[in-house]
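No lab work stands behind these numbers, since they all come straight from the coordinates. Predicted, not measured: the structure shown is a model, and the values here were computed from it. Virtual Cβ from ideal backbone geometry, glycine too; neighbours counted across all protein chains shown.
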Amino acid sequence: MSGLAPTTLPGRPASLRRRAAALLHRRPLVRLGLLLSAPMLWLVVAYLGALFAMLLTAFWSTDTFTGEVDRTFTWQNFQDLWTGEVYRTIALRSVAVAAGVTVLCLAIAFPMAFYMAKVARPRWRPYLLIAVLTPLWAAYLVKVYAWRVILADDGLLNWALGPLGARGPGYGLTATVLVLTYLWLPYMILPIYTGLERLPDSLLDASGDLGAGTLRTLRRVVAPMVFPSIAAGSLFTFSLSLGDYITVKIVGGRGQLIGNVVYDNIGAANDLPFAAAVATVPVVVMLVYIAAVRRTGALEEL
Amino acid sequence: MADQTAVRLSGVRKSFGAVDAVAGVDLEIRDGEFFSMLGPSGSGKTTVLRMIAGFERPTGGRVELAGRDVTALAPFDRDVNTVFQDYALFPHLTILQNVEYGLRVRKVAKARRRERAREALRSVRLEGFDDRRPAQLSGGQRQRVALARALVNEPRVLLLDEPLGALDLKLREEMQVELKEIQRRAGITFLFVTHDQEEALTMSDRVAVFNRGRVEQVGTPAEVYERPATAFVAAFVGTSNRIGDVHVRPEKIRLDLLDAGGAGEADRSATGTVAEVVYAGPHTRFVVDLDGGGRAVALQQNLQTSSMDVMRLRDERVRLSWRAEHEFLTP
């Protein structure tokens with residue numbers, strides 16, 4: 001056994017870095033641990049931890065005299081929430097607004113995404129994408145206040161509609177839906193665009209070749225194939241709308257959504273436990289929504 | 001009397017921006033014919049096919065199907081069906097639903113279209129796959145589904161865009177025979193696009209050779225191979241030797257050792273030295289440096305020789321001989 005070659009190759013000193021690399025190469029678990037330690041820390045501590053803290057707080061109460069948080073377990077917040085007529089109305093209204101925004105986004109996003117992915121020349125696509133993304137670079141508040149100016153009584157919209165004898169919706173829920181649609185539209189366009197881009201042109205050709213007109217091809221081939229993308233986009237638009245409370249404050253007139261109730265209870269009412277209880281409502285609604293989307297099989301294909 | 005021409009193209013052109021993909025093509029494809037469009041990639045053959053299918057609108061010229069001008073018609077108004085290069089099966093539908101698609105669109109009653117779709121699948125030897133999805137099938141099976149999906153509509157012309165390109169050699173050779181059989185049985189005109197000259201020669205009744213958006217020659221496989229009209233056709237369809245002013249195919253050349261004597265009944269000959277020997281199983285390819293300048297390739301059947309014998313011929317002095325009738329000139 002004396003003829004064995006030395007274990008280090010000539011001209012390649014085993015530096016610390018090389019030894020570490022060799023160790024990582026031999027131990028996949030160490031490698032995986034290094035890769036995932038930071039994200040896991042973030043996910044567990046900051047992400048799920050905050051959610052858990054919120055859930056826990058929801059079962060506490062606030063002393064009405066001192067304003068101190070009383071950390072004894074109680075269902076009282078959820079009872080108030082369930083029996084309060086006004087909270088049910090606000091929750092339903094919020095879901096309706098989120099659904100309205102999602103439907104409107106889909107109606108606008110689909111033709112736009114289709115044009116970008118299938119009609120426009122390929123070299124124009126990056127520019128169209130940038131055009132869609134540009135609004136996301138501007139500050140949220142600036143955009144919403146811009147809409148406040150547009151929708152004002154003597155604003156741009158009424159000025160433009162005036163000669164036609166029509167008027168804009170003014171501040172209110174309709175305005176809220178409009179502005180939220182504007183805000184979240186890119187989140188619907190992007191997934192649908194990606195889905196359509198992955199759809200081979202030959203499938204559209206084949207459908208036409210087999211005798212289907214444009215509408216039938218859209219219904220029988222395009223719609224079922226980009227459905228997962230539509231579902232993904234709707235998860236964004238629905239959840240973002242459900243959690244919003246600033247837009248409705250600025251252009252919603254006197255209308256209130258779930259987010260406002262949470263905000264008012266944190267601020268004015270100083271009842272953090274009740275705010276936490278209210279905040280579980282959109283979480284539950286989203287879980288139901290995701291479960292419904294999941295049942296269609298759309299999530300597996302994402 | 002019915003028109004005997006299935007497809008007629010007159011002066012068909014197609015430009016993409018400044019590029020002329022198809023620069024004026026005239027073709028007549030007869031009813032019931034197996035017609036191939038052969039050419040290298042970018043020669044315009046697929047664009048011509050897509051214009052016949054209706055996916056592309058010609059920049060100029062006319063497309064006629066069975067005597068009817070269809071130049072401006074949409075694909076769904078034309079009596080043709082296409083087998084796509086990537087098969088283009090609908091991934092969200094089952095095999096049966098894929099094959100039924102055309103019938104369903106044309107509002108054929110459910111029971112009837114089930115029956116016809118199953119029959120079409122049977123005709124391509126694909127039974128018992130009704131409820132599978134395309135992703136669960138192999139390439140060869142997908143190819144058959146694509147074929148059944150097109151044939152079930154009983155089109156006047158079936159357009160095939162390099163349908164065997166994605167299959168491995170063995171399967172491709174099987175499908176070549178099968179396609180030919182299906183075509184004979186169905187009696188449908190097949191218009192076949194390929195860049196594989198052997199495929200075009202073995203399957204077609206007639207071949208059109210494409211180059212740079214134009215048709216260089218139309219003829220039977222034998223005509224195209226034995227009497228190429230242009231230098232391009234001679235080089236693209238098979239290989240050819242240029243000896244002096246004439247061309248000769250490698251398999252038409254006989255090779256003898258120089259000291260072995262007479263050249264038999266051949267009436268042309270040249271001498272040279274074997275530069276390279278390529279043993280290919282059934283035959284051997286000899287590359288010979290000619291004494292008169294240039295190189296020639298001679299293909300010899302390994303009738304009695306084996307690899308050991310032929311390898312020894314390197315650097316030997318040889319005589320190449322061939323018959324005058326096998327020579328051809330190109331402009």
Candidate set from region B:45-56 (those that are part of a helix (DSSP H, G or I) and not charged (D, E, K, R)); member that is nearest to the other protein chains (Cβ to nearest Cβ): B:Ala53
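Conditions (1) buried (at least 17 other Cβ atoms within 10 Å of the Cβ); (2) in contact with a helix residue (DSSP H, G or I) (Cβ under 6 Å, 6 or more places away or on another chain); (3) over 30 Å from B:Glu33 (Cβ atoms); (4) not hydroxyl-bearing (Ser, Thr, Tyr), marked per residue:
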residue: B:Gly219; (1), (2), (3), (4): yes, no, no, yes
residue: B:Val233; (1), (2), (3), (4): yes, no, no, yes
residue: B:Val237; (1), (2), (3), (4): yes, yes, no, yes
residue: B:Gly244; (1), (2), (3), (4): no, no, yes, yes
residue: B:Lys252; (1), (2), (3), (4): yes, yes, no, yes
residue: B:Asp259; (1), (2), (3), (4): no, no, yes, yes
residue: B:Ala266; (1), (2), (3), (4): yes, no, yes, yes
residue: B:Gly292; (1), (2), (3), (4): no, no, yes, yes
Residues located in region B:57-78, provided they are within 10 Å of chain A (Cβ to nearest Cβ) and either of a type outside the set (Lys, Arg) or in contact with a Ser or Thr (Cβ under 6 Å, 6 or more places away or on another chain) (or both): B:Ala74, B:Pro75, B:Phe76, B:Asp77
Conditions (1) of a type outside the set (A, V, I, L, M, F, W, C); (2) touching a residue at least 24 places away in the same chain (Cβ under 8 Å); (3) surrounded by fewer than 13 Cβ atoms within 10 Å (Cβ to Cβ): number failed by B:Arg314: (3)
Filtered residue count, region B:156-166, keeping only those that are part of a loop (DSSP other than H, G, I, E, B) and under 24 Å from B:Ser43 (Cα atoms): 5
Those helices (runs of 4 or more DSSP H) lying entirely in region A:152-229 with at least 2 residues charged (D, E, K, R) and within 14 Å of chain B (Cβ to nearest Cβ): A:201-209
Unique match (being surrounded by fewer than 20 Cβ atoms within 10 Å (Cβ to Cβ), within 13 Å of chain A (Cβ to nearest Cβ) and under 24 Å from B:Leu164 (Cβ atoms)) among B:Gln85, B:Gln136: B:Gln85
Residue that is more than 30 Å from B:Val80 (Cα to Cα), within 16 Å of the chain's Cα centre (by Cα) and β-branched (Val, Ile, Thr), where the choices are A:Ile150, A:Ile130, A:Ile192: A:Ile192
Output for region A:91-108, where each listed residue is touching a residue at least 60 places away in the same chain (Cβ under 8 Å), farther than 22 Å from A:Phe227 by Cα and either aromatic (Phe, Trp, Tyr) or surrounded by fewer than 20 Cβ atoms within 10 Å (Cβ to Cβ) (or both): A:Arg93
